[in-house]
Structure formats: C-alpha cells, structure tokens
Amino acid sequence: MTTVIQSPTEPGFVQNPYPFYDRVRAEAKLAYWQDYGMMAAFSHDAVHLLLRDRRFGREVPAEMASEGPAHLAPFLQVEAHSLLDAEPPRHTRLRKLVLRAFTSREIKALAPGLESLCHQLIDAFPADAPFDLLTAYCTQVPVVAICRLLGVPEAMAPQLLDWSHKMVAMYQASKTIETEHAAARASAEFIAFLTDYVDARRKSPGEDLITRLIEAEEEGESLSTDELIGTCILLLNAGHEATVHSLGNGVKTMLEQGWDKGWLAPEGLSGLVEEILRHDPPLHMFTRYAYEEVEVFGHRFQRGDQVALMLAAANRDPEALERADQFDPSRPPKVNKSFGGGLHFCVGAPLARLEMEIALPILFDRCPDLRLATDPVYSNTYHFHGLTRLLVTRG
C-alpha cells in the first residue's frame, strides 16, 4: 500500500495541489493519505469506478452512526435530512421529488433574468480602478439565481450567503472549534428562517421550487418538513458555493491564458464551460464509505472504511486525456468528474452550466480589456478550491 503525507493546509499545496496529485497518481491509483487517515483514489478510472460502485455510498453505516457533539446539533439536524448524504431508498425518494421540481424548463426560464442581472452588475463596475470580480460578479450571479429558483427574497441574499459560508466551512481541512460553533448558529438561524418561510408559502403559494416541494409533501409524497428544509439548504449552499468558484477560477484561467473570442462563440461555449470545470474545479474531494468487504485496485476495504475520491486529480489524469494538465476549450468534453457521478451526480449541474454559459460571454463582451490587477490567491479552504478574491481592471 502506498502511503502519502501532504497537509491540506500547507500554503504551497493550497495554491497548487496538482503537482501532489501527479506524483501520487504516477505511483498508484489508490494511496493511503495519512493526513486524512483514509485511502484516496487519484486516477480517473479508480474515481470513475468508485463513484458508480454501489458497494460504496455516502450514508454512514448504521453501526457507526452517532448523535455527535451537542454543540453541533443544529448543523447535524440539517445533515441528517440532506439528499447529499442519503442512500436508497431514501435518496431515491428525495432525488425524485427534487428533480420533479428542479426541471430543465424551470432552469431555462431563469435565463432572461440572469442576462439582465449580468448587465446590471457590469454597469456598476468601476471604470478605471481595480475591483474584486469575485464579490462584484461571480458571487452575485449564482446566489441570485438560486434565490429566484427557490422563491426566497433576493434581499435575503447577503444573509443567506453568510449562513452558507459558515455551514460549508465545516467541510474544510482548516476548520476549528470556532468554525463548529459558527456553523451550528448559522444552521439554527437558517432552519428558523426557512421554517417560517415554508409556513408562509403554505398560506400563499408561489411559482417557485419551495412551493412545488410543499405541494409534493402535501400530496402524500413522503417529504417531511425537515427534509424539505434540509433540501432547500443543500440547494442553496451547493447551488452557489461551487458556481462562484467555477466562475472565479474560470475567469482567472482565461485571463492568464489569453482568452480567445472563439471560446465564447455559441459553438464553442459549452466546450469552454466543460474545460473550466475540468481543469480547475471548485470541489477536489468527495468521500464514500465501504458497505461490505471489497477489493478495489489491489486494496481490500472493510465495511465502514472511508475512501476519498479525488475529483480534480481524476480530471487531470494523463491516462484518460492527452495534455490533461493543459487548458484547451477546443477539446471534446471527454473527461470531467467535477459533478461527481452515479446516483449522486449533482442535481444542480444544469443550473451551474447555464449560469456560466450566460455570465462568461456577457462579461467578456462588455469588458474585452479585462485583466488581472494582481496575482490571484487561493483560499485555505481545501477540499474546496477557490480564490480569496479576483482583483481585475477593465483595461
């Protein structure tokens, strides 16, 4: 068994984890990552297999489940009802209800409003001073999109962002006890807000996803109020966190590479989005539990063992893709594990792609002389991978 040591909070790794992935992948498809205390899959074929192998899953095996520390109770309450950590049959039921409300038609209906939003945000850019594109643009587009889809007031966006950031910080390698207390408070406040909002929506339905989930619950589709709230929190947290950094990482890469107008042409746009997601994705690791004794790529897992699926390492596997370390939007979208795979393939993938396909062309059409004002720096938030800020000028 290959054992590797690499602190996920070491500054050099935070700024560029890809050399580490390359070194490990050259030695083994699976390796024991000592800092995490678990096996990790670094090759494309290993990640692809484990994403789809039903002998592995997200839900904690029953005999390993625990109530958790009391100070995290509100956060754990949300986790307990999350689609993300469920397995069949509960996952099948929840995902079916979400997909019924989260239709391609509803997503596409957001497009005209998002186009207008992008133009409004660009209108507010400073004319001749450096500004942070991450806060001025990359954050605003996805958070407003998910607010509109859910039916949550857009005026709540700053508060929702604050709650979301504090909850998502629980998955970061750099978390502390203060992180845990902040996540618990944010969860409790988020639950209280959505409980009141769902009650209001029951009395006054709207044309939004929350209303459709309530209707499913009331039609006997076995969606509890706790599950409804957990689903809404998951959709908001996942629905903007990843897209913010996909946009930020993508713009950074395009500006560093010297972007080509052909990338943003209608016939090239989907390829650009896929290559951005493949080349520098916002989520680098996704974990699974083994549900039985099973041997994979020469390693024998016992029930309850965890394995880390290294999505970003799989995306740059040279055995799966030629010139995998290079950014090339003209290549066919052959390899991309950024949205996961199998039963847990991201339900928000179509929305994330739509947001990027709208936001990127408008940005570069309106700001063709956009350039970096300083070297971008990645946040110490692994296993997420996103920038602290993206300072740019308009020329």
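Along the Cα→Cβ direction, 7 angstrom out, place labels at His71 and Tyr32. What is the inter-label distance in nm?
Reported label-point gap for His71 and Tyr32 is 3.2 nm.
Mind putting a number on the dipole of region 29-129 about its Cα centre? Charges go on the C-beta only, +1 for Lys and Arg and -1 for Asp and Glu, and I need it in Debye to the nearest 20. Spell out each step's value before the answer.
Numbers: 12 positive and 13 negative charges, 145 e Å.
For this selection, approximately 700 debye.
Which number gives the lysine pairs in region 3-381 that have C-alpha atoms under 20 Å apart and are eight or more places apart or on different chains?
Working: Lys29/Lys334; Lys29/Lys337; Lys96/Lys108; Lys166/Lys175; Lys252/Lys261.
For region 3-381, the number of qualifying lysine pairs is 5.
Which of Leu72, Leu351, Leu134 moves most in a GNM of the chain, Cα contacts under 10 Å?
The residue with the greatest mean-square fluctuation here is Leu72.
Which of Arg316, Arg25, Arg90 ends up with the largest GNM mean-square fluctuation for the chain, with Cα atoms connected below 10 Å?
For the chain, modelled as a Gaussian network with Cα springs under 10 Å, the answer is Arg90.
What residues have an amide H closer than 5 Å to that of Thr103, excluding those fewer than 5 places away on the same chain, when H is modeled at 1.01 Å from N in the peptide plane?
none
So what are region 54-126's ellipsoid semi-axes, whole angstrom, largest first, if each one is the square root of 5 times an eigenvalue of the alpha-carbon gyration tensor? Let's see the in-between values first.
Working: eigenvalues 275, 80, 20 Å².
The equivalent ellipsoid of region 54-126 has semi-axes of 37, 20, 10 Å.
Using the Karplus curve 6.51 cos²θ - 1.76 cosθ + 1.60 with θ = phi - 60°, what ³J(HN,Hα) values do you get for each residue of region 334-347, in whole Hz, with x for Gly and Pro?
Values per residue, Gly and Pro as x: 8, 10, 7, 9, 5, 9, x, x, x, 4, 9, 4, 4, 5 Hz.
Determine the principal axes of the Cα atoms in the chain, then give the extent along each, sorted from largest to smallest and rounded to whole angstroms.
59, 58, 40
Mind jotting down a quarter of the surface of the convex hull over the alpha carbons of region 211-251, in square nanometres, one decimal? Provide the component values of the computation, followed by the final result.
Values: hull surface 12.8 nm².
The Cα convex hull of region 211-251, projected and averaged over all directions, gives 3.2 nm².
I want to verify a result. In a Gaussian network model of the chain, Cα cutoff 10 Å, which of these has the top mean-square fluctuation: Phe42, Phe190, Phe297?
Result: Phe297 has the largest fluctuation of those listed.
Determine ³J(HN,Hα), in whole Hz, for all residues of region 355-361 in sequence, where each value follows from phi through the Karplus function 6.51 cos²θ - 1.76 cosθ + 1.60 and θ = phi - 60°; x replaces Gly and Pro.
Each residue of region 355-361 in turn: 4, 5, 5, 8, 6, 5, x Hz.
Testing the spin-label approximation: label points 7 Å from Cα along Cα→Cβ at Ala200 and Glu322. State their distance in nm.
Those two pseudo-labels are separated by 5.7 nm.
Can you give me the relative contact order of the chain as a percent, contacts being Cα pairs under 8 Å and 6 or more apart? Can you show the working numbers first?
Values: 602 pairs, mean separation 105.6, N = 395.
Value for the chain: 27 percent.
Could you list which residues have their amide H under 5 Å from that of Tyr378, counting only those 5 or more apart in sequence or on another chain, with H placed in the peptide plane?
Close amide H contacts, sequence-distant or interchain: Thr388.
Would you work out the charge dipole size for the chain about its Cα centre, treating the Cβ of every Lys and Arg as +1 and the Cβ of every Asp and Glu as -1, and quote it to the nearest 20 debye?
Values: 38 positive and 54 negative charges, 98 e Å.
With Lys and Arg at +1 and Asp and Glu at -1, about 460 debye.
Roughly how far apart, in whole Å, are the Cα centres of region 136-186 and region 216-253?
11
Quick one, what does Rg over Rh come out to for region 108-197 if you take C-alpha atoms and the Kirkwood Rh?
Details: Rg = 15.7 Å, Rh = 15.0 Å.
Value, to two decimals: 1.05.
Roughly speaking, what is the centre-to-centre gap between region 259-280 and region 300-360 when only Cα atoms are used, to the nearest Å?
So the two Cα centres are separated by 15 Å.
As an exercise, identify the GluC sites (Glu not before Pro) in region 179-286 lying in DSSP coil whose Cβ has no more than 10 other Cβ atoms within 10 Å.
Numbers: sites: Glu180, Glu189, Glu207, Glu215, Glu217, Glu218, Glu219, Glu221, Glu227, Glu241, Glu256, Glu267, Glu274, Glu275; in loops: Glu207, Glu219, Glu221.
When the GluC sites (Glu not before Pro) of region 179-286 are filtered for loop state and at most 10 Cβ neighbours within 10 Å, Glu207, Glu219 remain.
Give me the percent of DSSP beta bridges within region 3-381 that run antiparallel, rounded to the nearest 5. Don't skip to the end; give the middle numbers.
Values: 14 of 19 bridges.
In region 3-381, DSSP labels about 75 percent of beta bridges as antiparallel.
Return the long-range amide H neighbours of Asp305 (sequence gap of 5 or more, or a different chain), with a cut-off of under 5 Å between placed amide H atoms.
Under 5 Å from the amide H of Asp305 lie the amide H atoms of Ala290, each far enough along the sequence or on another chain.
If you plug each phi of region 139-144 into the Karplus form 6.51 cos²θ - 1.76 cosθ + 1.60 with θ = phi - 60°, what whole-Hz ³J(HN,Hα) values come out, in order, with x for Gly and Pro?
7, 5, 4, x, 6, 5
For Gln257 and Lys96, what is the calculated FRET efficiency with R₀ set at 51 Å and r taken between the beta-carbons, to the nearest 0.05?
Working: r = 41 Å, r/R0 = 0.80.
Rounded to the nearest 0.05, the efficiency is 0.80.
All of the numbers you see were taken from the coordinates with simple rules; none came from a lab. Remember, it's a predicted structure, so these values are computed and weren't measured experimentally. Cβ: placed from backbone, ideal geometry, glycine included. Neighbour counts: every protein chain shown.
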